[in-house]
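The values are calculated or read from the model by the stated rules, or taken from the named source; none is laboratory data. Small disclaimer: the values here were computed from a predicted structure and weren't measured. Here the Cβ is made from the backbone with ideal geometry for all residues, glycine too, and neighbour counts use every protein chain on show.
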Amino acid sequence: MKKVALITGASSGMGKSTATILHRQGYTVYGAARRTDEMNDLKAKGMGVVALDLTNDKSIVEAVATILNNEGRIDILINNAGYGSYGAVEDVSLDEARRQFEVNLFGMARLTQLILPTMRKQQSGRIVNISSMGGKVYTPLG
């Protein structure tokens, strides 16, 4: 049985590259992102594509349900989606700061909450959380 991987932020960058690598290694891969049109190349290679907005609980629940309905399992969750917000603290709205935390922290946590029961039932699974060096290195207006 093929292992099933869910990768967030698969519309570009490390997420898209990781999806391609795992697919080549024989995994059943689902790429997830808000911009599903940016993952048409993944779909053309035979990967699954799911819409996922990490600021919207309904979207998170539906993405997980879609994969579990299709595959019956999720073996690997790669929490890759995230972004940086830059500007002087007085210029960045609190709404933007909240949105960044929803994407980078709370959305990742909610996705993990939804997938862990399946991994426990399977008695196997891996979760990889990818973060930014932005938490360790200071940049002006970062």
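Out of everything in region 24-36 that is of a type outside the set (A, V, I, L, M, F, W, C) and under 16 Å from the mean Cα position of the chain (by Cα), what residue ends up being nearest to ASP53 (Cα to Cα)?
Taking the candidates together, the pick is ARG34.
Is it fair to say LEU42 is within 17 Å of ILE7 (Cα to Cα) and not in a helix (DSSP H, G or I)?
It is false that LEU42 is within 17 Å of ILE7 (Cα to Cα) and not in a helix (DSSP H, G or I).
Test each condition in (1) at pLDDT 95 or above; (2) charged (D, E, K, R); (3) farther than 23 Å from ALA109 by Cβ for ASP91 and report the one that comes out false.
If we test ASP91 against (1) at pLDDT 95 or above; (2) charged (D, E, K, R); (3) farther than 23 Å from ALA109 by Cβ, just (1) comes out false.
I'd like the residue in region 84-95 that is surrounded by fewer than 12 Cβ atoms within 10 Å (Cβ to Cβ) and free of Cβ contacts under 8 Å to residues at least 40 places away in the same chain and, out of all such residues, is farthest from ASP53 (Cα to Cα).
Once the filter is applied, the top-ranked residue is GLU90.
Inside region 96-126, can you point out the residues that are of a type in the set (A, V, I, L, M), within 20 Å of GLY9 (Cα to Cα) and touching a residue at least 24 places away in the same chain (Cβ under 8 Å)?
Those that are of a type in the set (A, V, I, L, M), within 20 Å of GLY9 (Cα to Cα) and touching a residue at least 24 places away in the same chain (Cβ under 8 Å): VAL103, MET108, LEU111, LEU114, ILE115.
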